[in-house]
Amino acid sequence: MNNDQTPPVSNFIRNIVMRDRETGKHDKIITRFPPEPNGHLHIGHAKSICLNFGIAAEFGGATNLRFDDTNPLKESDDFAQAILNDVRWLGFEWTELRHASDYFQQLYDFAVHLIRNGKAYVDSQDAEAMRSRRGTLKDPGTDSPYRDRSVEENLDLFERMKNGGFADGEHVLRARIDMASANMNLRDPAIYRIRRVTHHRTGDAWNIYPMYDWAHGISDAIEGITHSLCTLEFEDHRPLYDWFLENIPATCHPQQIEFARGNLDFTVMSKRKLRQLVEEGHVSDWDDPRMPTIAGLRRRGYTARSIRTFWKEAGVSKAESIIPMGVLENAIRNDMNENAPRVMAVLDPIKVVLTNYPEGESEWLQAPSHPQNPEMGHRSVPLSREIWIERADFMEDPPRKFFRLRPGGEVRLRNAFIIKCNDIIKDSDGSVTEIHCEFDPDSRSGLPGAARKVKGTIHWVSAEHGINAEVRLYDRLFNVANPLADKEKDYLEFLNPDSLSVVSSAIVEPTVAQGQPGDFFQFERVGYFTIDQDSKDAARPILNRTVSLRDSWAKINR
RNA sequence: UGGGACGUGGCCAAGGUGGUUAAGGCACGGGGUUUUGAUCCCCGCAUUCGCAGGUUCGAGUCCUGCCGUCCCAGCCA
């Protein structure tokens with residue numbers, strides 16, 4: 001499950017858990033990951049997943065996956081299935097799969113218990129009235145006129161709410177706490193509302209549904225969760241979490257601990273905004289490779305391991321942060337550098353003719369799949385008289401320190417021969433259409449003559465054997481680090497119009513055409529690429545650029 | 001004086017009960033290796049922990065005050 005080799009990183013939650021084991025407060029640690037099935041998981045959720053599953057796994061505990069399915073208006077089984085799939089893909093297996101809806105009856109019974117003890121009442125104000133009586137951040141609220149209904153009346157009303165005797169919004173069950181509390185959450189929070197809609201799991205069995213605060217802590221207690229980890233915005237809810245558990249006959253009292261969400265720059269991370277990007281067509285779907293969703297990252301070519309490593313390196317604290325995208329990119333580069341087979345592909349081709357190479361002939365060269373790892377083996381790469389090289393690898397009038405091909409200059413063809421540029425052919429506009437070179441037969445890779453030093457090595461693909469491919473180049477979704485920072489402008493105004501560019505005439509070596517969707521490669525000197533799920537035809541593979549290689553040459557030229 | 005929280009180098013972040021050289025990663029700068037200007041390997045990178053006082057032989061760790069940032073007024077989660 002948590003198969004990443006490096007030792008665990010210290011953080012305040014892990015410290016609490018360790019202390020709780022040392023002191024004997026708990027001998028088994030039980031955590032839970034509680035998504036609401038109303039959207040897809042994103043990289044931020046992955047932080048919570050890694051934390052919850054990671055902590056439990058490290059200390060020999062258990063982690064439940066529990067759907068917080070208390071709002072049937074927004075939830076669906078499709079989302080639930082996608083979430084399950086994403087969690088598994090990330091490399092985690094839950095101990096038990098639960099649903100808050102599994103506990104609807106118990107939740108209801110506990111609510112009755114509260115009513116019996118005078119700790120809850122049915123309020124018949126409408127939402128507007130409730131809001132106006134709630135007070136403000138600085139001023140206390142005022143009691144509802146229904147606050148002192150008798151237990152019998154409350155019991156009766158609540159039961160009739162459950163049985164469908166009222167329309168949505170007619171009544172609500174509220175905890176009877178303190179309308180003057182400085183903590184807004186304690187000003188008689190609603191715990192049940194009427195919603196006569198079909199729930200994706202319980203169907204039409206219920207006409208009332210519990211609110212998050214009521215359902216969450218009790219569900220934790222029912223499952224014997226020891227540490228209930230959530231994000232910072234629930235800090236204010238903790239007194240309520242505790243109040244509920246103190247006022248029902250709960251068998252245990254989990255400890256809620258809050259940590260900061262992890263944000264990334266150049267993207268947005270709220271489900272609402274991600275949904276908007278999808279629904280308004282700014283991206284193709286939830287799994288668009290530019291999306292920070294798990295599905296998007298997966299399709300982009302990110303591995304589960306790289307995402308786990310990323311969050312491990314980012315750490316867990318209570319300080320809100322925005323992590324540079326480069327850190328995530330670094331994680332996938334490290335992973336792919338180690339595991340991606342090397343291959344050659346030319347994205348922006350220009351033709352080179354090897355003038356002393358016999359016409360009509362070709363040969364297959366052996367090239368290592370990984371320069372540092374012989375265990376990854378070799379592949380065969382065809383060479384013939386005409387080859388494609390990257391347009392950017394030739395300059396007629398190059399600047400200083402340009403190590404690539406130039407008129408009269410020599411360069412090594414990766415895994416093949418050293419070539420020398422003797423001539424260039426131009427069209428009527430004066431742009432180069434063809435480069436004539438002669439190759440040095442003695443410099444063939446593996447031969448002693450190959451030891452000759454030449455400054456540059458470039459990649460290439462045989463024109464005769466190369467396969468035409470579509471390559472999708474992705475860039476950041478937004479062109480500012482924090483699209484939400486500007487209060488004057490809508491974040492959509494910062495969408496990067498160049499976040500996707502399609503290269504329709506890339507040429508890849510034959511090896512690539514044998515791959516399946518999900519397979520990844522390093523295009524040497526270019527970047528890491530993954531075969532997209534749209535790729536159906538071996539004669540024309542479709543690849544996504546996961547991330548480019550580091551490019552210090554580009555950096556110098558900036 | 002509504003309440004709750006946070007503030008360690010450009011970005012994350014470690015720093016139980018104060019003890020003395022402030023981890024690590026990313027980024028950055030310099031050097032080396034290299035048939036990927038990739039990788040890899042060295043070296044450098046906070047006399048200082050939001051600021052100001054105080055307690056102490058000794059404080060990032062304790063106290064006081066101030067400043068800055070975030071969250072809370074859903075019958076959302």
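For the range A:481-502, the count of residues that are basic (Lys, Arg) and closer than 29 Å to A:Glu386 by Cβ is zero.
In the range A:545-555, the condition of being modelled with pLDDT of 95 or more, part of a strand (DSSP E or B) and within 12 Å of A:Ala469 (Cα to Cα) is met by no residue. For the range A:452-462, indicate whether the set of residues that are closer than 23 Å to A:Leu347 by Cβ and more than 12 Å from RNA strand B (Cβ to nearest atom) is non-empty. Checking the range A:452-462: at least one residue is closer than 23 Å to A:Leu347 by Cβ and more than 12 Å from RNA strand B (Cβ to nearest atom). A:Ile323 satisfies every condition listed in (1) out of contact with any strand residue (DSSP E or B) (no Cβ under 7 Å at 6 or more places or on another chain); (2) farther than 30 Å from A:Arg391 by Cα; (3) near RNA strand B (Cβ under 9 Å from one of its atoms) except (1). Of everything in the range A:118-174 that is more than 17 Å from A:Met184 (Cα to Cα), surrounded by 15 or more Cβ atoms within 10 Å (Cβ to Cβ) and of a type in the set (Ser, Thr, Tyr), the residue that is nearest to RNA strand B (Cβ to nearest atom) is A:Ser124.
Just to be sure, is A:Ser552 away from RNA strand B (no atom under 16 Å from the Cβ) and not assigned by TED's automatic domain parsing to the domain that holds A:Gln366? When the stated conditions are applied, A:Ser552 does not pass them.
For A:Ile16, the conditions (1) under 28 Å from A:His200 (Cα atoms); (2) aliphatic (A, V, I, L, M); (3) part of a helix (DSSP H, G or I) are fulfilled apart from (1). Restricting A:Gly217, A:Gly203 to those that are at pLDDT 95 or above, within 35 Å of the chain's Cα centre (by Cα), at positive phi and more than 8 Å from RNA strand B (Cβ to nearest atom) reduces the list to A:Gly203. Remark: pairs (first residue in the range A:1-22, at pLDDT 95 or above and among the β-branched types (Val, Ile, Thr); second residue in a loop (DSSP other than H, G, I, E, B) and away from RNA strand B (no atom under 11 Å from the Cβ); Cβ separation under 9 Å; 6+ apart in sequence or on different chains) = A:Val17/A:His26; A:Val17/A:Ile29; A:Val17/A:Phe59; A:Val17/A:Gly61; A:Val17/A:Thr226.
Remark: pairs (first residue in the range A:248-263, under 15 Å from A:Ala221 (Cβ atoms) and at pLDDT 95 or above; second residue near RNA strand B (Cβ under 8 Å from one of its atoms) and part of a loop (DSSP other than H, G, I, E, B); Cβ separation under 8 Å; 6+ apart in sequence or on different chains) are absent.
Taking the conditions (1) under 21 Å from A:Val432 (Cβ atoms); (2) in contact with a Phe, Trp or Tyr (Cβ under 8 Å, 6 or more places away or on another chain); (3) within 9 Å of RNA strand B (Cβ to nearest atom) in turn, A:Leu354 satisfies each one other than (3).
Filtered by the rule that a residue be within 8 Å of RNA strand B (Cβ to nearest atom), within 19 Å of A:Val346 (Cα to Cα) and over 39 Å from the mean Cα position of the chain (by Cα), the range A:391-416 gives A:Arg412, A:Ala416.
Listed by position, the strands (runs of 3 or more DSSP E) contained in the range A:432-474 that have at least 2 residues being crowded, with 16+ Cβ neighbours inside 10 Å and touching a Pro at 6+ places or on another chain (Cβ under 7 Å) are A:467-474.
The values are calculated or read from the model by the stated rules, or taken from the named source; none is laboratory data. What you are looking at is a predicted structure, and each value in this text was computed from that prediction instead of being measured. A quick note on method: Cβ atoms are made from the backbone with ideal geometry, for glycine too, and the neighbour counts reach across all protein chains shown.
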